[in-house]
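The values are calculated or read from the model by the stated rules, or taken from the named source; none is laboratory data. Here the structure is a predicted model, which is why all the values come from computation and not from measurement. Positions of Cβ are backbone-derived with ideal geometry, glycine not excepted, and every protein chain shown enters the neighbour counts.
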Amino acid sequence: MDRLHTAQLVLFMILTCCSTNLGRNLSNEASGHIFVSSDDNASFLTLIERVRVEALLANESLHSNLTSSNQHLAQLLDRLDDVIDNENYFVVKSEQFNNATVDALFLANVVDEVLQYYGGAYGILPNIMLNMSSMGSSMSTKSGMDTDSHTSVSDVDKYQTARQYAKRAVEIFDAELKPYESNKNGSAAEQVEKYLIDLRNAVDDKAPPSAVMMIVHTKIHPNLQLAYNLKTRTK
């Protein structure tokens with residue numbers, strides 16, 4: 001059986017399990033993240049989420065665009081390989097995932113996936129979308145990184161993937177982080193929720209990449225850090 005047919009069988013199995021709790025089981029590490037973690041739990045959750053998203057996209061395009069569906073199936077197999085190759089695959093304990101820090105880092109990784117795929121849809125490299133300095137118009141122009149010069153979607157598959165991650169970001173917050181809201185972090189957490197919805201809407205409306213970057217880097221990330229006491233990388 002070839003790799004693609006294997007992926008189709010795996011797709012059926014994954015979709016059978018694709019409830020809102022699947023995000024608790026899968027994940028991949030997003031590069032360029034501004035936050036740091038003391039363990040690999042959030043990264044592992046991201047690997048699993050990537051499997052979930054590729055499975056959903058493959059299923060959604062199965063009858064409307066077979067070429068796109070096959071591409072997502074191929075990506076699905078690659079994501080499954082990432083999970084299997086992860087050194088924590090057989091040793092991680094489910095209770096390690098049940099805390100606000102891991103869930104917040106997981107959400108941050110998913111938001112970074114939105115940035116990378118949305119940028120890719122407009123022909124912008126991931127390191128540019130993940131870099132806050134790329135938002136400044138003068139600096140971007142001098143560096144050849146003017147995100148506003150990319151005005152139309154050039155890769156529909158990447159755009160659809162970005163939409164799926166943006167939708168999932170809102171769902172993950174509601175399911176996993178909302179229960180941790182308290183009088184102490186409630187204001188910042190409410191801002192995270194608000195701007196995640198803004199991010200989803202911006203992606204749906206095909207807003208300029210710079211506008212999407214602005215929401216993530218100046219609204220979601222700072223409030224996520226404040227609400228859940230995340231540490232940032234030091235240079």
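If you check Ala202, Ala207, Ala211 for being closer than 18 Å to His150 by Cα, part of a loop (DSSP other than H, G, I, E, B) and among the hydrophobic types (A, V, I, L, M, F, W, C), only one passes: Ala207.
The condition of being charged (D, E, K, R), farther than 14 Å from Thr161 by Cα and modelled with pLDDT of 80 or more holds for only one of Asp85, Asp78, that being Asp78. Ala58 meets all of the listed conditions (1) in contact with a His (Cβ under 7 Å, 6 or more places away or on another chain); (2) part of a helix (DSSP H, G or I); (3) at pLDDT 85 or above but one, namely (3).
The residue that is surrounded by the fewest Cβ atoms within 10 Å (Cβ to Cβ), among those in segment 194-235 that are touching a residue at least 60 places away in the same chain (Cβ under 8 Å) and among the small types (Gly, Ala, Ser), is Ser210.
Within the bounds of segment 166-179, is there any residue that is in a helix (DSSP H, G or I), surrounded by fewer than 20 Cβ atoms within 10 Å (Cβ to Cβ) and over 17 Å from the mean Cα position of the chain (by Cα)? There is at least one residue in segment 166-179 that is in a helix (DSSP H, G or I), surrounded by fewer than 20 Cβ atoms within 10 Å (Cβ to Cβ) and over 17 Å from the mean Cα position of the chain (by Cα). One residue stands out in segment 214-235 among those that are assigned to a helix (DSSP H, G or I) and of a type in the set (A, V, I, L, M): the one that is farthest from Pro179 (Cα to Cα), namely Met214.
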